[in-house]
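Below is one structure, written out as C-alpha cells; the observations come after it.
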Amino acid sequence: LAKTTQPISMDSYEGQEVNITCSHNNIATNDYITWYQQFPSQGPRFIIQGYKTKVTNEVASLFIPADRKSSTLSLPRVSLSDTAVYYCLVDRSSYKLIFGSGTRLLVRP
Amino acid sequence: DVKVTQSSRYLVKRTGEKVFLECVQDMDHENMFWYRQDPGLGLRLIYFSYDVKMKEKGDIPEGYSVSREKKERFSLILESASTNQTSMYLCASSSGPQETQYFGPGTRLLVL
C-alpha cells in the first residue's frame, strides 16, 4: 500500500507562500494525488488533485515531479484563515484511500 | 453544492449500547465512506460502499458494521459500544473511485 509522509507542522506569516511536501515512494501507476484541508470540528475539504507535472486552481498549485514519488502543495500569499491541517492523499482505483498524518499549518499575523 | 449531512454532531453513549450513526448525501453519489479520526492517527477508513447493499471493509472494521439500504443513506453501527470507540466519525461520498470525496461535518462520539 502506498504510504504518504509529510511534515507534522509548519509555521508561516500572512502574505507568504507556503509549500508543503508529501512523500509517496510506493505510488502506483493508477494513483492520483489529492490534497485536503481540514479546520477544527469540520470534515476535510478538497483542495486540489493531480497526476503529474503541475495543476493550478483558484486556491493552490500542485507540483508533481516526473517520478511522482513526491508532490508539493503550494499556497500563495496565505492568510490567517489558511491555518488548518493539510492532508496528502494517494487515491487508489480500488476505492481504498490512504490519508497521510497531515501537516498542521499555523499562519501568524 | 454537494451536501453530506450526519445525524448528530455530538453523541454520548454508555458502554455496551448499540449506536447508530447516519449519513445522508444529496448528490446521487455511488460511493459512501465512514472514517474515524483520532489525534495523531489522522483519518482511518472503517467501511465503504460502492453501491446499494454493497459494502467493503476498510482498514479498521472491527467492532463496526454498516448498512446501505438506499443510495443516499449510509449507516454506521456500533453493535456494542466500547470506550475505545470514542472518536470523531466522518462520513464522505464520491461519484467514483478517483473523484473528490465530500465530507460531512462529523459526529463526535463519547462512550462512557
Among B:LYS53, B:LYS57, B:LYS71, the single one that is within 14 Å of chain A (Cβ to nearest Cβ), without any contact (Cβ under 8 Å) to a residue 60 or more places away in the chain and not β-branched (Val, Ile, Thr) is B:LYS57
**A:ASP11 vs. criteria more than 14 Å from chain B (Cβ to nearest Cβ), open to solvent by 30 Å² or more (accessible area, probe 1.4 Å) and within 19 Å of B:PHE103 (Cβ to Cβ)** = no
Expected output for the stretch B:95-112 (first residue facing another protein chain (nearest Cβ under 7 Å) and over 18 Å from B:VAL24 (Cα atoms), partner open to solvent by less than 40 Å² (accessible area, probe 1.4 Å) and in a strand (DSSP E or B), Cβ below 6 Å, 6+ apart or cross-chain) is B:GLN98/A:ASP91
Quick one: is A:GLY102 small (Gly, Ala, Ser), crowded, with 19+ Cβ neighbours inside 10 Å, out of contact with any Lys or Arg (no Cβ under 8 Å at 6 or more places or on another chain) and touching a residue at least 60 places away in the same chain (Cβ under 8 Å)? yes
(1) closer than 23 Å to B:CYS23 by Cβ; (2) outside any strand (DSSP E or B) all hold for A:ALA66 apart from (1)
Of the residues in the stretch A:51-95, those that are within 14 Å of chain B (Cβ to nearest Cβ), of a type in the set (Val, Ile, Thr) and more than 13 Å from A:TYR32 (Cα to Cα) come to A:VAL59, A:VAL85
Among strands (runs of 3 or more DSSP E) entirely inside the stretch B:19-89, those with 1 or more residues being open to solvent by 10 Å² or more (accessible area, probe 1.4 Å), under 29 Å from A:GLN37 (Cβ atoms) and touching a helix residue (DSSP H, G or I) at 6+ places or on another chain (Cβ under 9 Å) are B:31-38
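The values are calculated or read from the model by the stated rules, or taken from the named source; none is laboratory data. Since this is a predicted model, take the numbers as computed values, not measurements. Virtual Cβ from ideal backbone geometry, glycine too; neighbours counted across all protein chains shown. Side chains included, ligands, DNA and RNA excluded: accessible areas come from the protein's heavy atoms. Shrake-Rupley method; radii C 1.70, N 1.55, O 1.52, S 1.80 Å.
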